[in-house]
1. Look at Leu91 and say whether it is open to solvent by 60 Å² or more (accessible area, probe 1.4 Å) and more than 12 Å from the ligand (Cβ to nearest atom).
2. Would you check which residues across the stretch 113-147 are more than 19 Å from Phe47 (Cβ to Cβ) and either assigned to a helix (DSSP H, G or I) or in contact (Cβ under 8 Å) with a residue 60 or more places away in the chain (or both) and list them?
3. Does the stretch 15-57 hold any residues that are more than 20 Å from Leu100 (Cα to Cα), part of a helix (DSSP H, G or I) and more than 15 Å from the chain's Cα centre (by Cα), and which are they?
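The values are calculated or read from the model by the stated rules, or taken from the named source; none is laboratory data. As the structure is a computational prediction, the values presented were derived from the model and not from experiment. Every residue, glycine as well, gets a Cβ built from its backbone with ideal geometry; the counts of neighbours run over all protein chains shown. Accessible surface is based on the protein model in full, side chains and every heavy atom, while ligands, DNA and RNA are left aside. Shrake-Rupley method; radii C 1.70, N 1.55, O 1.52, S 1.80 Å.
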Amino acid sequence: MKFLILHGPNLNLLGQREPGVYGSATLEEINGYIQSLAEELAVQVEFFQSNHEGALIDKLHATLGVVDAVVFNPGAYTHYSIALRDAVASLPIPVIEVHLSNIHAREDFRHQSVIAPVAAGQIVGFGPASYLLGLRAAVSLVQSGRK
Ligand code: DQA
C-alpha cells in the first residue's frame, strides 16, 4: 500500500508559524513521525507540500494508479477552494482531510470546509497526531475496500 501525504499552503513554515496554534514541530519533523508510523505499519508514504493551488491539484491528478489514498491538509484552501474540492471529488481513491488545529473551535471562517463533503472523513485538532490518525484511517479504509 502506498499513500500520498499532501500539505497545503504555509505548512512549510511549521515550527516558526504561530507556534501557539500549530505547535513547535517543523514539517520535516512531522514527516519524520509519519515515516516512522508508515514503517511500523509496513506501508509506503510519499510527501508533497505546495503553496500553490494548481500544484496541489496537479499532484492530486497524478495520484491516479500510483497511490491507494491521500492524507491531505489543504491549509487555508480548505475553507474556499472549490477547485481543490472538485479535484478531490474526481478521485476514485479515499482522501482523508486532516488539520493540526481544531478548525471548529477557531474563527467562524475556519468552521466551514468545502473539502469535507467529498473527503472520506476529517480529523482535526490533534496537532501532528492528526496526520498519524489520518494515515491509520487511510490504511483501514483501503484494507476494507471503502472509498
Ligand atoms: C490548518 C487550519 C487552516 O485553517 C489554516 O489556514 C492552516 C492550517 C491546520 O492544519 O490546522 O493553514 O489547515
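1. Here the answer is no, as Leu91 does not meet what is asked.
2. Hits for the stretch 113-147 are Ala116, Pro117, Val118, Ser140, Leu141, Gln143.
3. If we filter the stretch 15-57 for residues that are more than 20 Å from Leu100 (Cα to Cα), which is where we start, we get 39-44, 54-55, 57.
With the extra rule that they be part of a helix (DSSP H, G or I), the set shrinks to 39-41, 54-55, 57.
Matches in the stretch 15-57: Glu39, Glu40, Leu41, Gly54.
For (1) within 21 Å of Leu141 (Cα to Cα); (2) modelled with pLDDT of 95 or more; (3) open to solvent by less than 50 Å² (accessible area, probe 1.4 Å), each residue gets a yes or a no:
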| residue | (1), (2), (3) |
| --- | --- |
| Gly15 | no, yes, yes |
| Glu28 | no, yes, no |
| Gln35 | yes, yes, no |
| Glu53 | no, yes, no |
| Tyr77 | no, yes, yes |
| Ile82 | no, yes, no |
| Ile96 | yes, yes, yes |
